[in-house]
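Only one structure is covered here, and it is reproduced in the block below.
The values are calculated or read from the model by the stated rules, or taken from the named source; none is laboratory data. Just so you know, these numbers come straight off a predicted model, no measurement behind them. Quick reminder, even Gly has a Cβ in these numbers, built from the backbone with ideal geometry, and neighbours come from all protein chains shown. The accessibility values were calculated without ligands, DNA or RNA, using every heavy atom of the protein model including side chains. Shrake-Rupley method; radii C 1.70, N 1.55, O 1.52, S 1.80 Å.
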Amino acid sequence: MAVLLSPLRYLRAVPKSDLLIGAVIVALGTLEAFTVATEYGATETPELWWVGQALVTGVLVWFRRRSPVAVFILMILAQYAWHRQGYEHCQTWQLASLLIVFHTVGAELPFRPGLAWAVTGILAFGSGAVDHRRLPLEEVVFLTALFGAAYLTGLALHAYVARVRRLAEQAVRLERDREREAAEAVAREKVRIARELHDVVAHSVSMMVMQAGVLRRSRGGDDEALLGIERMGREAVEELRVMLGALRMPLDESIPQPGLDLLSGTVDSLVSSGLRVTLDVRGEVVRLAPGLDLSVYRIAQEALTNAVKHAGESEIRITVSYHRDSVEVEVTNGSENGGTSSALSTGNGLIGMRERAELFGGTFEAGPRPEGGFRVHASLPASLEVSAGEPIV
């Protein structure tokens, strides 16, 4: 059974063009065997053994790319056997098959061995060794030109394929170099940004924290507002340090990112500074995918920052709701004078929050509340979450 399957497996790998050429050769050989056998010197028509010869030749054509030298030799021997039967001229399909194998020698073999085999074949036919007769000069010239042209077409195809392969490899190398240069440019820009952030922003925030500490100590050291400023300033410096480290790291490396688990600490810092902030977590707490967790936290953080800017003495309420297939965050604040806070309805902060929500296929709403104040609400799909107590795989 395995012996039968092996040829079938190979035939499935043979190009369709070769299968078609072999089938045409078999068909032409069969047609000539049943129609014009006597014109080539046969005693009668049909000449049935010609059909077998055509079938063998067609099969050899199927194998010509896999074993070009073996097929080339077998085709010459088959032609030798044909003339040994007393036939002076070869049939049309035989000549076509010989031209195909000469072409294959030029197309499939390296230049030197291919040229050697082509010259050997031309000398075999031109010398009359295959035909068993002395050939006239014009026939020698004709066969040399014919088989030489077939070999040269194969050689031209070989050169074209090699050139295309070289161009493809060069294109791959150029693309790889371009990507590497782009990555290096990004890395250089990241380092430059990190250096500027460190020299300007981190330094300024550190000085603000130091000045708040000096002021707090000059007032006795118990000012809750100044303590909150110091605490949040240190957190900002630490987050800047993490961001600067991320900018200096390679693109394929990752570092821990903040998430909703830091929200309670942020709220505690605000409460300790004297603000009225309430955090309400509803539903079973789940651990979200890192990118989703970061986006939800950033939305809550930005909304909370805006609320602190504009809420005045009113209460700020943060609600995080975990559902089966989504997570929602809502930040609301009242208005100091009972009206609405229109300052929150514009700005890059709301645009950034909306983009974060839409990035994960979520929804985002922001606007004044009928009873006064402002409301920010975002709902993001959370199909990748796992229970908070379970390990993440």
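Looking at region 34-61 only, could you name the residues that are open to solvent by 60 Å² or more (accessible area, probe 1.4 Å) and aromatic (Phe, Trp, Tyr)?
Scanning region 34-61 gives 34, 49.
Hey, could you check region 130-153 for residues that are outside any helix (DSSP H, G or I) and loosely packed, with under 13 Cβ neighbours inside 10 Å and say which is modelled with the highest pLDDT?
Among them, the one singled out is 136.
Of the conditions (1) under 19 Å from residue 52 (Cβ atoms); (2) out of contact with any helix residue (DSSP H, G or I) (no Cβ under 9 Å at 6 or more places or on another chain); (3) of a type in the set (Val, Ile, Thr), residue 164 clears all except one; give me its number.
(1)
Here is a check on your reading of the model: is residue 93 open to solvent by less than 60 Å² (accessible area, probe 1.4 Å), in a helix (DSSP H, G or I) and in contact (Cβ under 8 Å) with a residue 60 or more places away in the chain?
Against the criterion (open to solvent by less than 60 Å² (accessible area, probe 1.4 Å), in a helix (DSSP H, G or I) and in contact (Cβ under 8 Å) with a residue 60 or more places away in the chain), residue 93 qualifies.
Does any residue of region 189-206 turn out to be in a helix (DSSP H, G or I), hydrophobic (A, V, I, L, M, F, W, C) and under 30 Å from residue 108 (Cβ atoms)?
No, region 189-206 contains no residue that is in a helix (DSSP H, G or I), hydrophobic (A, V, I, L, M, F, W, C) and under 30 Å from residue 108 (Cβ atoms).
State the number of residues belonging to region 274-297 that are modelled with pLDDT of 85 or more and in a strand (DSSP E or B).
6
Contact list please: Cβ distance under 8 Å, first residue in region 70-83 and crowded, with 20+ Cβ neighbours inside 10 Å, second residue polar (S, T, N, Q), pairs at least six apart or on different chains.
Close Cβ pairs (under 8 Å, with a partner that is polar (S, T, N, Q)) amount to 71/104; 72/104; 75/57; 75/97; 79/94.
Can you tell me which condition residue 8 does not meet? The list is (1) at pLDDT below 80; (2) touching a Phe, Trp or Tyr at 6+ places or on another chain (Cβ under 8 Å); (3) farther than 27 Å from residue 120 by Cβ, and all the others hold.
With respect to (1) at pLDDT below 80; (2) touching a Phe, Trp or Tyr at 6+ places or on another chain (Cβ under 8 Å); (3) farther than 27 Å from residue 120 by Cβ, residue 8 is out only on (2).
Write out, first by first residue and then by second, each pair whose Cβ atoms fall under 9 Å of each other, whose residues are 6+ apart or on separate chains, and whose first residue, in region 165-193, is at pLDDT 85 or above while the second is small (Gly, Ala, Ser) and in a helix (DSSP H, G or I).
Pairs that qualify, where the first residue is at pLDDT 85 or above and the partner is small (Gly, Ala, Ser) and in a helix (DSSP H, G or I): there are none.
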